[in-house]
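Student: Questions regarding the structure given below will be posed in turn.
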Amino acid sequence: MIQLERVKKVFPNTAVPAVDELSFTVEQGNVCVFVGPSGCGKTTIIRMINRLVEPTSGSIFIDGENILQVDSDRLRRRIGYVIQQVGLLPHRTIEQNVGLVPRLLNWPEDRIARRVAELLEMVGLDPAEAAQKYPYQLSGGQMQRAGVARALAADPPIMLMDEPFGAVDPILRGRLQDEFLRLQREVQKTICFVTHDINEALKMGDYIVVLNAGKLVQKGTPMELLSSPANDFVKALIGDDRGVKLLDLTRAESLVADGSIKSPAVKDCSCFIDALQPVKMALEQMMKHDTDSVGIRRGDEVIGALTWAEIKKHIHRISGDEG
Ligand SMILES: Nc1ncnc2c1ncn2[C@@H]1O[C@H](COP(=O)(O)OP(=O)(O)OP(=O)(O)O)[C@@H](O)[C@H]1O
Ligand SMILES: [Mg+2]
């Protein structure tokens, strides 16, 4: 668990704080995403948790221990850090980069080799192909995966990831995000994840902390942010397709089950989706099949149906101001 209590950072010779009286908690095994415009203090927060930057005031606790009272080497051993610019050592191979921390911890060479191969595979790189290459011989996306593998090397319970997928195209980015979520279901780390992309935040975060000029604007689940943005800043950050994004997070079963939408005759449906799929998928199917109702299935059983008009009504109800 990571706790910040009224943490403030004023860099020398600057008028405004980079981080201003920030308090929040990241629970064990959760992904907390920090999102906000360039310069709002995201990297500074990460660097304070890692003790690369000293707070001007306030306290930071990890598992109840004040990090200023923990030896910084011991602290960093518990923390994997993916820096914003990937930061692989250019004159070391991928094997040497990923094995860096285990080697510092004096693991025996055969254990390091096994761990490196296991990690490269985990992040979707072929060890036989990638291990002996140098960073410049990899694509941007491959470098970012190697950076994630290196941060995971000593199996730290905490990961700090500063725009880990920043340098890749949207398609590869989507794939890396999916791999990350799959991996996180297995390893259950406590993760602080920085991005300036609200869609990435909504997809990756158990919780999202929205920042502006060093201040916390809103903390909540993706659903909370979408259904009740705290102010115009959060609304603008989310964009004017808030309703559609909400439908991406709402499972079809929740509309059928809560009775808020009455089902039309299921026999009229020409297409079906699974109850666990997002409502947005129902809209996509309607467009594809040129129909205005979609049947909802759980396994082999049809449990109800959704119509275009009713989904629209639902958007109005949850977001208040959406057309
Ligand atoms: N070492 C430093 N000395 C002085 N000012 C700094 C220092 N590091 C950061 N700042 C300032 O603190 C503010 C927050 O910077 P930070 O790097 O945390 O932003 P960020 O949210 O990570 O931005 P980006 O999205 O561009 O990475 C900025 O105004 C920046 O100029
Ligand atoms: Mg940054």
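Student: Report, by residue number, each residue of region 265-316 that is among the acidic types (Asp, Glu) and part of a loop (DSSP other than H, G, I, E, B).
Tutor: Scanning region 265-316 gives 290, 292, 300.
Student: Hey, another quick one. Considering each residue of region 92-107, count those that are in a loop (DSSP other than H, G, I, E, B) and either hydrophobic (A, V, I, L, M, F, W, C) or in contact with a helix residue (DSSP H, G or I) (Cβ under 6 Å, 6 or more places away or on another chain) (or both), and give that number.
Tutor: Qualifying residue count, region 92-107: 3.
Student: Another question, if that's okay. Of the residues 129, 95, which is of a type in the set (D, E, K, R), farther than 21 Å from residue 18 by Cβ and either buried (at least 17 other Cβ atoms within 10 Å of the Cβ) or touching a Leu at 6+ places or on another chain (Cβ under 7 Å) (or both)?
Tutor: Just one listed residue meets the conditions, 95.
Student: I would also like to ask the following. Restricting to region 228-248, name every residue that is farther than 20 Å from residue 36 by Cβ and modelled with pLDDT of 85 or more.
Tutor: Residues satisfying the conditions are 246, 247, 248.
Student: Does residue 51 count as away from ligand 1 (no atom under 16 Å from the Cβ) and more than 30 Å from residue 232 (Cα to Cα)?
Tutor: no
Student: Just a yes or no: is a residue in region 56-78 within 16 Å of ligand 2 (Cβ to nearest atom), more than 20 Å from the chain's Cα centre (by Cα) and surrounded by 13 or more Cβ atoms within 10 Å (Cβ to Cβ)?
Tutor: Within region 56-78 (the criterion being within 16 Å of ligand 2 (Cβ to nearest atom), more than 20 Å from the chain's Cα centre (by Cα) and surrounded by 13 or more Cβ atoms within 10 Å (Cβ to Cβ)), the answer is no, since none of the residues qualifies.
Student: If you don't mind, another one. If the requirement is being out of contact with any Leu (no Cβ under 7 Å at 6 or more places or on another chain), modelled with pLDDT under 95 and assigned to a loop (DSSP other than H, G, I, E, B), which of these qualifies: 89, 68, 75?
Tutor: Unique residue meeting the criteria: 89.
Student: Ok, one more. How many residues are at negative phi and either outside the structural domain of residue 116 (by TED's automatic domain parsing) or not hydrophobic (A, V, I, L, M, F, W, C) (or both) if we restrict to region 154-171?
Tutor: Of the residues in region 154-171, 7 are at negative phi and either outside the structural domain of residue 116 (by TED's automatic domain parsing) or not hydrophobic (A, V, I, L, M, F, W, C) (or both).
Table: residues versus (1) within 18 Å of residue 82 (Cα to Cα); (2) at pLDDT 95 or above; (3) surrounded by fewer than 18 Cβ atoms within 10 Å (Cβ to Cβ).
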position: 171; (1), (2), (3): no, no, yes
position: 180; (1), (2), (3): yes, no, no
position: 183; (1), (2), (3): yes, no, yes
position: 198; (1), (2), (3): no, no, no
position: 203; (1), (2), (3): no, no, no
position: 209; (1), (2), (3): no, yes, no
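Student: Which residues, taken from region 13-38, are free of Cβ contacts under 8 Å to residues at least 40 places away in the same chain and either near ligand 1 (Cβ under 7 Å from one of its atoms) or outside the structural domain of residue 213 (by TED's automatic domain parsing) (or both)?
Tutor: Correct list: 14 only.
Student: Which one of these is within 21 Å of residue 124 (Cβ to Cβ) and in a helix (DSSP H, G or I): 253, 224, 186?
Tutor: 186
Student: Here's something else I'd like to know. Look through region 104-113, keep the residues that are closer than 24 Å to residue 188 by Cα and modelled with pLDDT of 90 or more, and return whichever of them is surrounded by the fewest Cβ atoms within 10 Å (Cβ to Cβ).
Tutor: Filtering first and then ranking leaves 111.
Student: So, in region 140-150, exactly how many residues are farther than 16 Å from residue 91 by Cα and surrounded by fewer than 23 Cβ atoms within 10 Å (Cβ to Cβ)?
Tutor: 3
Student: Kindly provide the set of residues from region 11-36 that are within 13 Å of ligand 2 (Cβ to nearest atom), farther than 18 Å from residue 204 by Cβ and outside any strand (DSSP E or B), ordered by number.
Tutor: 18 - this is the single residue of region 11-36 that is within 13 Å of ligand 2 (Cβ to nearest atom), farther than 18 Å from residue 204 by Cβ and outside any strand (DSSP E or B).
The values are calculated or read from the model by the stated rules, or taken from the named source; none is laboratory data. Just so it is clear, the model here is predicted, and its values are computed rather than measured. Positions of Cβ are backbone-derived with ideal geometry, glycine not excepted, and every protein chain shown enters the neighbour counts.
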